[in-house]
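**Q** Below you will find the structure I want to go over with you.
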Amino acid sequence: MKFKLVPAAPDTVAFVADAQAAVPLVPGSEDDCCARLMRRLGFRSRDVARTWLTFLRALDLATETDDGFKRLRGDPTPAYLREHVLSGVYGATDVADALLAADAEGGSGGAAAGLTADEVFAAFVDLVPDWERFRTSDWESVWRERVGRHLAWFVLLDLAAERDGTYAATGALRELRTDRDLRGDRDDHDDPGDRTERDA
């Protein structure tokens with residue numbers, strides 16, 4: 001299961017562990033968990049806290065049970081987060097592939113190639129689910145922001161390098177995608193017709 005909501009990237013990877021620690025080990029309601037996140041991390045709104053709670057679920061650092069949401073005991077190292085962002089966040093693999101495709105094209109000419117955020121969005125836009133397009137009149141700006149957040153997380157996790165407004169795949173991203181190929185995880189593109197996570 002993949003989740004769509006992506007928070008703004010923090011300044012440090014360590015912040016993810018702080019967010020994970022704010023989720024209770026004993027299941028609590030969404031309201032209780034969001035209140036804890038707001039209190040402990042200083043989030044200014046419940047929407048921001050809910051986005052983080054959903055993102056932690058995408059990373060397998062929190063889960064929803066019949067009794068509510070609770071913390072899982074994963075260790076959010078950079079390597080762990082790289083793997084789980086790609087496997088748990090809707091669209092992340094396709095953003096990665098856009099960067100890798102540009103990297104391959106640049107490599108054939110002997111120069112590193114990067115893409116602007118707008119170019120990455122153009123490569124991704126067909127993957128926006130149809131029902132999302134009818135959900136709001138400004139769906140394009142919503143998803144453009146999400147792609148921008150993907151890229152910011154990629155930079156934070158050393159999956160992409162940003163320079164002069166362009167983003168390029170790093171060796172870490174190339175190695176991770178190769179590893180996933182070897183494990184048989186390559187067929188992990190996101191289905192724009194999937195409606196299982198409308199609210200996440």
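The values are calculated or read from the model by the stated rules, or taken from the named source; none is laboratory data. Predicted, not measured: the structure shown is a model, and the values here were computed from it. Heads up, the Cβs are rebuilt from the backbone with ideal geometry, glycines too, and the neighbour counts pull from every protein chain shown.
**Q** Return the total of residues in segment 107-160 being modelled with pLDDT of 90 or more, in contact with a helix residue (DSSP H, G or I) (Cβ under 8 Å, 6 or more places away or on another chain) and not in a helix (DSSP H, G or I).
**A** 7
**Q** For Val95, state whether it is touching a strand residue (DSSP E or B) at 6+ places or on another chain (Cβ under 7 Å), under 30 Å from Val125 (Cβ atoms) and modelled with pLDDT of 95 or more.
**A** no
**Q** Just need a number here: residues in segment 42-69 that are among the aliphatic types (A, V, I, L, M) and surrounded by fewer than 22 Cβ atoms within 10 Å (Cβ to Cβ).
**A** Of the residues in that region, 1 qualify.
**Q** Can you tell me how many residues in segment 161-180 are touching a residue at least 24 places away in the same chain (Cβ under 8 Å) and either of a type in the set (Lys, Arg) or assigned to a helix (DSSP H, G or I) (or both)?
**A** 7
**Q** Return a yes/no flag: does segment 72-89 have any residue that is in the same structural domain as Ala123 (by TED's automatic domain parsing), under 14 Å from the mean Cα position of the chain (by Cα), at pLDDT 95 or above and part of a strand (DSSP E or B).
**A** yes
Residue-wise test of (1) within 16 Å of Leu156 (Cβ to Cβ); (2) aliphatic (A, V, I, L, M).
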{"residue": "Ala8", "(1), (2)": "yes, yes"}
{"residue": "Ala14", "(1), (2)": "yes, yes"}
{"residue": "Val26", "(1), (2)": "no, yes"}
{"residue": "Cys33", "(1), (2)": "no, no"}
{"residue": "Leu59", "(1), (2)": "yes, yes"}
{"residue": "Arg73", "(1), (2)": "no, no"}
{"residue": "Arg82", "(1), (2)": "yes, no"}
{"residue": "Val89", "(1), (2)": "yes, yes"}
